[in-house]
Amino acid sequence: MKTLTCTTPGTFEYSETDKPELKKDHAIMKIKRIGICGTDLHAFEGTQPFFNYPRVLGHELSGELVEADGADGFSIGEAVTFIPYFNCGECIACRMNKPNCCVKMQVCGVHVDGGMREYLQVPSRTLLHGEGLSYDELALVEPLAIGAHGVRRADIQPGEFVLIIGAGPIGLGTMEFARIAGGHVIALDINDDRLAFCKEKLGVAHIINALSTDVTEQLSEITNGDMPTVVIDATGNQKAINNAINYMAHGARFVLIGLQKGDLIFNHPEFHKRESTLMSSRNANIEDFEHVIKSMKAGLVKPTTYITHKVDFDKVKDNFESWLDPKNGVIKAMVKMED
């Protein structure tokens with residue numbers, strides 16, 4: 001089967017590798033779509049934490065189920081996606097029903113080889129039914145689940161002002177699920193085109209360019225002087241994360257979905273006087289995936305509007321680097337294996 005490997009930062013190579021042989025309690029998917037996410041882009045750049053080379057990237061996947069063992073309720077030939085976080089089932093996190101932050105976590109396409117190949121074998125327990133969704137939609141379930149999990153961590157209540165920093169694909173999904181939870185969403189980004197997308201395509205009422213000199217004043221005006229009671233970072237940008245404390249209401253929750261390599265640096269008195277709650281949000285759980293699929297089926301989320309670039313698998317090597325350039329306006333690039 002044809003496989004694309006990121007051999008070193010900045011380098012992809014196509015090769016012929018063996019098709020997987022079915023193992024006990026595993027399933028084999030014939031890959032149909034591969035969504036390109038920030039993790040893939042950062043891996044290509046060489047800035048992704050917890051990463052080693054060479055690596056086959058790709059974890060936003062959909063495909064056709066072609067072989068399976070121990071996959072009760074699934075049928076050969078059906079459209080599927082899967083949960084790409086392979087947990088151990090035994091550590092303290094798994095025993096606390098938090099498999100998303102398993103001590104021995106193996107994320108597909110990060111810690112173990114992913115789906116930039118024709119066939120991928122995954123544990124059968126990670127499979128998810130396609131529920132009539134298209135291959136494009138199914139490949140977008142995982143990134144939406146990331147945002148849905150962060151929103152669930154924040155425990156957003158109806159009527160709360162929710163500031164979401166970063167209008168990339170993860171941030172956009174976070175905005176959608178914050179809205180579904182009843183929050184009044186405020187989008188903060190440095191890209192006017194992304195902010196316009198939030199307003200025009202997602203119906204976000206409040207948008208702010210982070211390069212403005214009066215961000216705090218704008219937030220105060222929007223929130224009637226209170227400031228947002230939930231702040232969620234979806235940038236993974238150190239400056240954005242460290243500065244976000246200034247945007248929080250007293251008693252607010254700050255959820256970090258984005259991940260960066262550096263230190264968190266807050267002014268302690270500013271953080272302390274607010275009695276702030278700081279949370280990280282890693283990956284997602286089955287509840288989040290199910291919530292996403294249900295919301296997509298109900299038409300509450302239409303993620304295919306995020307797809308701005310689409311290429312065939314054999315063109316990925318030639319196009320990938322261009323997706324890093326903000327001038328190209330990439331929101332979500334989708335790789336097509338076949339229909």
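Selection of segment 247-279 for residues being touching a residue at least 40 places away in the same chain (Cβ under 8 Å) and open to solvent by 50 Å² or more (accessible area, probe 1.4 Å) yields Leu259, Lys261. For segment 150-246, the strands (runs of 3 or more DSSP E) that sit wholly inside it and include 1 or more residues that are in contact with a strand residue (DSSP E or B) (Cβ under 6 Å, 6 or more places away or on another chain) and touching a residue at least 40 places away in the same chain (Cβ under 8 Å) are 161-165, 184-189, 230-233. Of all the residues in segment 296-339, those that are farther than 25 Å from Glu200 by Cα and among the β-branched types (Val, Ile, Thr) number 3.
A single entry from Phe50, Phe86 fulfils the requirement of being surrounded by fewer than 21 Cβ atoms within 10 Å (Cβ to Cβ), modelled with pLDDT under 95, closer than 22 Å to Ser281 by Cα and within 22 Å of the chain's Cα centre (by Cα): Phe50.
Considering the conditions (1) assigned to a strand (DSSP E or B); (2) farther than 22 Å from His149 by Cα, Phe74 is excluded by exactly one of them, (1). Touching a Pro at 6+ places or on another chain (Cβ under 6 Å) and either modelled with pLDDT of 95 or more or over 22 Å from Ile36 (Cβ atoms) (or both): is that true of Leu163 in this structure? Yes; evaluated as a whole, the condition is true for this residue. The residue that is least open to solvent (accessible area, probe 1.4 Å), among those in segment 281-326 that are of a type in the set (Gly, Ala, Ser) and not in a loop (DSSP other than H, G, I, E, B), is Ser295.
Output yes when any residue across segment 135-154 is surrounded by fewer than 24 Cβ atoms within 10 Å (Cβ to Cβ) and under 30 Å from Tyr247 (Cβ atoms), and no when none is. Checked against the condition, which is being surrounded by fewer than 24 Cβ atoms within 10 Å (Cβ to Cβ) and under 30 Å from Tyr247 (Cβ atoms), segment 135-154 yields at least one hit. Total residues in segment 193-239 satisfying the condition of being closer than 21 Å to Gly329 by Cα and of a type in the set (A, V, I, L, M, F, W, C): the figure is 11.
Contact map, segment 2-28: first residue more than 25 Å from Thr126 (Cα to Cα), second residue of a type in the set (S, T, N, Q) and loosely packed, with under 14 Cβ neighbours inside 10 Å, Cβ cut-off under 8 Å, separation 6 or more or different chains; pairs are Glu13/Thr7. The set of residues in segment 22-47 that are more than 10 Å from Tyr119 (Cα to Cα), modelled with pLDDT of 95 or more and surrounded by fewer than 19 Cβ atoms within 10 Å (Cβ to Cβ) comprises Leu22, Lys23, Lys24, Asp25. Looking across segment 165-189, the residues that are in contact with a Leu (Cβ under 7 Å, 6 or more places away or on another chain) and open to solvent by 20 Å² or more (accessible area, probe 1.4 Å) come down to Ile180, Asp189. Checking Asn209, Asn237 one by one, the residue that is closer than 19 Å to Leu172 by Cα and open to solvent by less than 50 Å² (accessible area, probe 1.4 Å) is Asn209 and no other. Among the residues of segment 286-298, at least one is modelled with pLDDT of 95 or more and closer than 16 Å to Ala234 by Cβ.
The values are calculated or read from the model by the stated rules, or taken from the named source; none is laboratory data. None of the values given here were measured: they were computed from a predicted structure. Ideal geometry is used to build each Cβ from the backbone, glycine not excepted, and the neighbour counts take in all protein chains shown. What goes into the accessible areas is simple: the full protein's heavy atoms, side chains included, and nothing from ligands, DNA or RNA. Shrake-Rupley method; radii C 1.70, N 1.55, O 1.52, S 1.80 Å.
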